[in-house]
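The values are calculated or read from the model by the stated rules, or taken from the named source; none is laboratory data. Because the structure is a prediction, the values reported are computed rather than measured. Cβ placement follows ideal geometry from the backbone for every residue including glycine, while neighbour counts extend to all protein chains displayed. Heads up: the accessible areas ignore ligands, DNA and RNA and are worked out on the full protein's heavy atoms, side chains in. Shrake-Rupley method; radii C 1.70, N 1.55, O 1.52, S 1.80 Å.
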Amino acid sequence: MKCPYCGFEESKVIDSRPTDEGTRIRRRRECLKCAKRFTTYEVIETVPIVVIKKDKSRQTFDRNKLLNGFLRACEKRPVSIDTLERIVDEIEGMLQNSLDREVPSSLIGTYAMEKLKTIDEVAYVRFASVYRQFKDINTFMEELNKLVKSKN
Ligand SMILES: [Zn+2]
């Protein structure tokens, strides 16, 4: 961060606090050469996650869509919305932490199924049946068998 007075590139931070709206950080700095003080604002970067769909089209990751999918799968199940929001947060965090800015929708589906499996098995099977688009009873049974086996 260049000093606006002398152009020197090194300064020390003497105060740092978020702005009222919380989206920027205000820093008070002191130039290491001329000792003059100046203020910088740093913007917190939020990079949207782009989802690559099956037909290769792109779409911004929408956490509400994922949450709605979970809500549908958990209809009449003893799962609280807090729990579902937590797993949506976890999935979003996993996506944010990956170095790829573009993720295939299948990866999100896999994460979603993994999370749901630990919470409610009925919801998991419902979600999987929609997500995997089971074409017949055999693929559905296969998934159920996998679930039963994974419990042993
Ligand atoms: Zn300076």
*the range 51-67 - phi-based ³J(HN,Hα) in whole Hz, Karplus 6.51/-1.76/1.60, Gly and Pro as x*: 9, 8, 7, 4, 8, 6, 6, 10, 8, 5, 4, 10, 5, 5, 5, 5, 4
*asked:* I'd like to know which of Asn68, Val122, Ser80 lies farthest towards the positive end of the charge dipole of the range 2-148, counting +1 on Cβ of Lys and Arg and -1 on Cβ of Asp and Glu.
replied: Asn68
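Using a 10 angstrom Cβ neighbour count of at most 12 plus a DSSP loop assignment to flag exposed GluC sites (Glu not before Pro), which longest range of the chain is free of such sites?
Details: sites that count: Glu9, Glu10, Glu21, Glu45, Glu75.
Counting only loop sites that pass the neighbour cut-off, the longest clear stretch is 76-152.
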*Cα centre as origin, Lys/Arg/Asp/Glu Cβ charges: the chain dipole, Debye*: 300 debye
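Okay, helix-only estimate at 222 nm for the chain: each DSSP H run of n ≥ 4 adds -39500 (n - 2.57), divide by all residues, round to 500 deg cm²/dmol; what do you get? Each step should come with its number before you reach the end.
Numbers: 5 runs with 69 residues, N = 152.
Estimated from H runs of four or more residues: -14500 deg cm²/dmol.
Keeping all protein chains in place, calculate the accessible area per residue for the chain (probe 1.4 angstrom), answer in Å². Present the calculation step by step, with values, prior to reporting the outcome.
Values: 10480 Å² over 152 residues.
Using a 1.4 Å probe on heavy atoms only, each residue of the chain averages 69 Å².
Stretched out fully, how many nm does the piece from Thr23 to Glu121 gain, at 0.36 nm a residue minus the Cα gap? Spell out each step's value before the answer.
Numbers: separation 98, 0.36 × 98 = 35.28 nm, distance 3.90 nm.
Here the segment from Thr23 to Glu121 would lengthen by 31.4 nm.
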_Percent of Cα-Cα pairs more than 20 Å apart in the chain, please._
64 percent
*Can you list the trypsin sites (Lys or Arg not before Pro) in the range 51-93 that are in a DSSP coil and have 13 or fewer other beta carbons within 10 angstrom?*
Lys53, Lys54, Lys56, Lys76
*Mind listing the long-range amide H neighbours of Val103? Cut-off is under 5 Å, sequence gap 5 or more, other chains count too, H placed in the peptide plane at 1.01 Å from N.*
Val50, Val51, Ile52
*Whose amide H sits under 5 Å from the amide H of Lys36, counting only residues 5 or more places off or on another chain, with H placed in the peptide plane?*
Cys31
*For the chain, which whole percent of the accessible surface, found with a 1.4 angstrom probe, sits on carbon and sulfur atoms?*
50 percent
